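Engineer: Got a structure here, written out as structure tokens. Questions coming.
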Amino acid sequence: MTTGIAEIERAMERLSLDQLQRLVTSAQTALDKREADALVEGRVQGAPACPHCLNEKAMRWGATRGGLQRWRCGSCAKTFTKATGTALAHVRKRSEMAIVAQDMVSAKPSACRALAGRLGVDKMTVWRWRLRMLEAVRGYGHDALAGLVEADETFFRESRKGSREWARHADDPQQYPEPPRPRWRDYERHGLKLPRGLSRWQIPVLVLRDRHGATAAERLQALRYRYFETALDGSLAGDAVLCSDGAAVYRRYGRARSRRVEQVNTKAGIRVRDGVFHIQNANAFHARFQDFMRPFRGPATKNIALYTGWMVYRDARQARGPAEDPRNPLMARLLAAG
Ligand SMILES: [Zn+2]
């Protein structure tokens, strides 16, 4: 006996405001779940090959379980779904994961804690899902940068979030020495003076962007020449021309690698030289990057590289336009990554 949609709609007229709101929420959840399953089911057209023995004669096997159709191999008799053998094989909360994935490519991604609360899943689960998806897009759009390549650094405040170093020090000062500085929140709370040489607590990220919009962003261990050198070597195409502010590291790199470097004296207020030499695209990326990072309130330094990859992916995706993308691109990539 099926309930007609018209019947449900008529019944809705008798619902209170609260009940309607509940209905909207549960309908959205059901929709998210169906869409997540549809993504898995749509991965392969028709009967899937057996992931165990690669035989191609699989038959539908019983009713759907957990929303996915089960199949049975005609050769080895094992059963499986289209998620078997993919990165989603053991994910029970596919719909929640799909929502997390969709949030990651939205205009304003949420912090893990907020998402976890909304979805009723553990904060660490959200974090692990994020790591897996970021893993699947590592290096996305990272072709060698060519032509005129703008280079500039941006900085994120160092964070020791989650390190528990102060808590450990308080418990056992013998074993755990005093951390190198107070927690950032204590500066405000206890009116401490900010440390001198603040640059020591700033994590530099080198951003390289060519005029086609291809971007590389890499965390530097420190503002030392050798870290610049490694990052630049890894990203520049053979004939790329480097464009930077007046910093000496770039000149030195140009000499060491016999590479053409065009510098703009931004300190003197010069923004564009000879009509083409400027670092305004890199700077615009910085602004978007800082904006993107704000909701995360200073992610742990050890995770900066992950956020950098995430930012580059989002930016490149936006630039390419969503037309060529599936509805949930990160889930789709995760599925494809296997
Ligand atoms: Zn088989």
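The values are calculated or read from the model by the stated rules, or taken from the named source; none is laboratory data. Since the structure is predicted, the reported quantities are computational estimates derived from the model, not experimental observations. Reconstructed Cβ throughout: ideal geometry from the backbone, glycine too, with neighbour counts over all protein chains shown.
Engineer: Taking LEU88 as meeting all but one of (1) surrounded by fewer than 17 Cβ atoms within 10 Å (Cβ to Cβ); (2) assigned to a loop (DSSP other than H, G, I, E, B), write down the number of the exception.
Structural biologist: Going through (1) surrounded by fewer than 17 Cβ atoms within 10 Å (Cβ to Cβ); (2) assigned to a loop (DSSP other than H, G, I, E, B) one by one, LEU88 breaks only (1).
Engineer: Just checking, which of PHE296, PHE289, PHE277 is farther than 26 Å from GLN202 by Cβ and among the aromatic types (Phe, Trp, Tyr)? Talk me through it step by step, then tell me what you get.
Structural biologist: Values: PHE296 fails: farther than 26 Å from GLN202 by Cβ; PHE289 fails: farther than 26 Å from GLN202 by Cβ.
After ruling out the rest, the residue left standing is PHE277.
Engineer: Here is a list: ALA30, ALA58. Which entry is among the small types (Gly, Ala, Ser), surrounded by 11 or more Cβ atoms within 10 Å (Cβ to Cβ) and modelled with pLDDT under 85? Full working, then the answer.
Structural biologist: Numbers: ALA58 fails: modelled with pLDDT under 85.
Within the list ALA30, ALA58, the selection yields ALA30.
Engineer: Restricting the search to region 67-79, which residues are surrounded by 17 or more Cβ atoms within 10 Å (Cβ to Cβ) and near the ligand (Cβ under 8 Å from one of its atoms)?
Structural biologist: Passing the criteria: only CYS73.
Engineer: Out of ALA38, ALA63, report the one residue that is assigned to a loop (DSSP other than H, G, I, E, B), modelled with pLDDT under 90 and of a type outside the set (Val, Ile, Thr). Steps first, answer last, please.
Structural biologist: Working: ALA38 fails: assigned to a loop (DSSP other than H, G, I, E, B).
Going through ALA38, ALA63 in turn, just one is assigned to a loop (DSSP other than H, G, I, E, B), modelled with pLDDT under 90 and of a type outside the set (Val, Ile, Thr): ALA63.
Engineer: I would also like to ask the following. Scan region 29-66 for residues that are basic (Lys, Arg) and either closer than 29 Å to GLN102 by Cα or away from the ligand (no atom under 16 Å from the Cβ) (or both) and report the count. Walk me through how you get there before you give the answer.
Structural biologist: Initial filter on region 29-66 (basic (Lys, Arg)): 33-34, 43, 57, 60, 65.
Right, trim to either closer than 29 Å to GLN102 by Cα or away from the ligand (no atom under 16 Å from the Cβ) (or both) and you get 33-34, 43, 65.
The number of residues fulfilling the criteria is 4.
Engineer: Quick one: in region 104-139, which of the residues that are assigned to a loop (DSSP other than H, G, I, E, B) and over 19 Å from LEU88 (Cβ atoms) is modelled with the highest pLDDT?
Structural biologist: Taking region 104-139 and keeping what is assigned to a loop (DSSP other than H, G, I, E, B), we get 105-111, 120-122, 137-139.
From what is left, the residues that are over 19 Å from LEU88 (Cβ atoms) are 106-111, 120, 139.
On the way: SER106: 83, ALA107: 80, LYS108: 83, PRO109: 87, SER110: 86, ALA111: 86, GLY120: 90, GLY139: 73.
Selected residue: GLY120.
Engineer: Can you find even one residue in region 18-25 that is acidic (Asp, Glu), in a helix (DSSP H, G or I) and within 20 Å of ALA332 (Cα to Cα)? Lay out the reasoning, then the answer.
Structural biologist: First, the residues of region 18-25 that are acidic (Asp, Glu): 18.
Those left that are additionally in a helix (DSSP H, G or I): 18.
Applying the additional criterion that residues be within 20 Å of ALA332 (Cα to Cα) yields none.
Looking through region 18-25, none of the residues is acidic (Asp, Glu), in a helix (DSSP H, G or I) and within 20 Å of ALA332 (Cα to Cα).
Engineer: Mind checking which residues of region 46-71 are closer than 18 Å to LEU334 by Cα and out of contact with any strand residue (DSSP E or B) (no Cβ under 9 Å at 6 or more places or on another chain)?
Structural biologist: Selection gives LEU68 alone.
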